[in-house]
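Okay, structure first, notes after.
The values are calculated or read from the model by the stated rules, or taken from the named source; none is laboratory data. This structure is a prediction, so every number in the text was calculated from the model and none was measured. Ideal geometry is used to build each Cβ from the backbone, glycine not excepted, and the neighbour counts take in all protein chains shown. These area figures cover heavy atoms from the full protein model, side chains too; ligands, DNA and RNA do not enter into them. Shrake-Rupley method; radii C 1.70, N 1.55, O 1.52, S 1.80 Å.
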Amino acid sequence: NMELKCIGSGSKGNAYALVEKNEILLLECGMPLLAVKEAIGWKISNVVGCLISHIHKDHAGHVKEFLKAGIPVYTNAETAANIEKDWHERLYSLAEKKAERIGGFKVIPFYVPHEDTPCYAYLITHPSMGKMLFATDFSYIRYSFKNMGINHFLVEANYDKNSLNPEIPNYEHVMRGHASLDTCMDIISANKTSELRNVIMCHLGHSASSPKCFVASMEKIAGFGVNVDCAVSGLSIELCKDPF
């Protein structure tokens, strides 16, 4: 089975790993490689690649370390162009909406609006986990995935708009560049099917999110039998596509 490991989630640094017996796909390089190696039990030779959503430091700040270690990194062309080219032979640009095979994973990237920063979300499929949608740092998603029967969502719920303080210095950025709990709930509500197994909310902001309240609100939307969690460092979740 596949396991999702959260190494870091939020503005201090984002990194996740999809870990299967022989293969590991990393998501984001916003945490030091050492922390990632530790989380995956030092099985660096099992890593087939790393996907980056966009250039911001909390998602791509450690990319050079990853490239130096020989990890192939995949992202959109704009982000790739912003990464210094010393290690470019392992840096790959993915074409939007075109499926790419990375080991046993099938990955389809698509753009999501994040202010003026080109940002990819990813639809990731693997035989041992089924389908997962990974989306972070976006204000909305304009596509429907209902007919795909997504099994797992790893989706941003950055703030609850009812408790966001308009006095915070980056208020505008949070409102325009990030998904609120309501937006996240709308995405699940619009795309959930009987195939849904896990909803993991990620990139929670510090000032305007309470994991406990977020989980309680999302459970009402996700429905019976769906596991709901907030991504925190150290979280590990089994991603099965079958209910048992």
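In segment 159-169 there is no residue that is surrounded by 13 or more Cβ atoms within 10 Å (Cβ to Cβ), in contact with an Asp or Glu (Cβ under 7 Å, 6 or more places away or on another chain) and of a type outside the set (K, R).
Condition check ((1) part of a loop (DSSP other than H, G, I, E, B); (2) not polar (S, T, N, Q)) across all residues:
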| residue | (1), (2) |
| --- | --- |
| S217 | no, no |
| I221 | no, yes |
| F224 | yes, yes |
| G234 | yes, yes |
| K241 | yes, yes |
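Taking every residue in segment 32-58 that is without any contact (Cβ under 8 Å) to a residue 40 or more places away in the chain and pairing it with any residue that is aromatic (F, W, Y) and part of a helix (DSSP H, G or I), at least 6 positions away or on another chain, the pairs with Cβ-Cβ distances below 7 Å are L33/F66; C50/F66.
Under the condition of being assigned to a helix (DSSP H, G or I) and in contact (Cβ under 8 Å) with a residue 24 or more places away in the chain, the residues counted in segment 179-198 number 9.
No other residue among S210, S180, S236 is open to solvent by less than 60 Å² (accessible area, probe 1.4 Å), farther than 19 Å from A15 by Cβ, within 17 Å of the chain's Cα centre (by Cα) and of a type in the set (G, A, S) apart from S180. Each residue in segment 38-75 was checked for being hydrophobic (A, V, I, L, M, F, W, C), touching a helix residue (DSSP H, G or I) at 6+ places or on another chain (Cβ under 8 Å) and surrounded by 20 or more Cβ atoms within 10 Å (Cβ to Cβ), and 8 of them qualify. Is it the case that some residue within segment 20-32 is farther than 27 Å from S128 by Cα and open to solvent by less than 40 Å² (accessible area, probe 1.4 Å)? So far as segment 20-32 goes, no, none of its residues is farther than 27 Å from S128 by Cα and open to solvent by less than 40 Å² (accessible area, probe 1.4 Å). Being farther than 20 Å from M31 by Cα and open to solvent by less than 70 Å² (accessible area, probe 1.4 Å) holds for only one residue in E78, E115, and it is E115.
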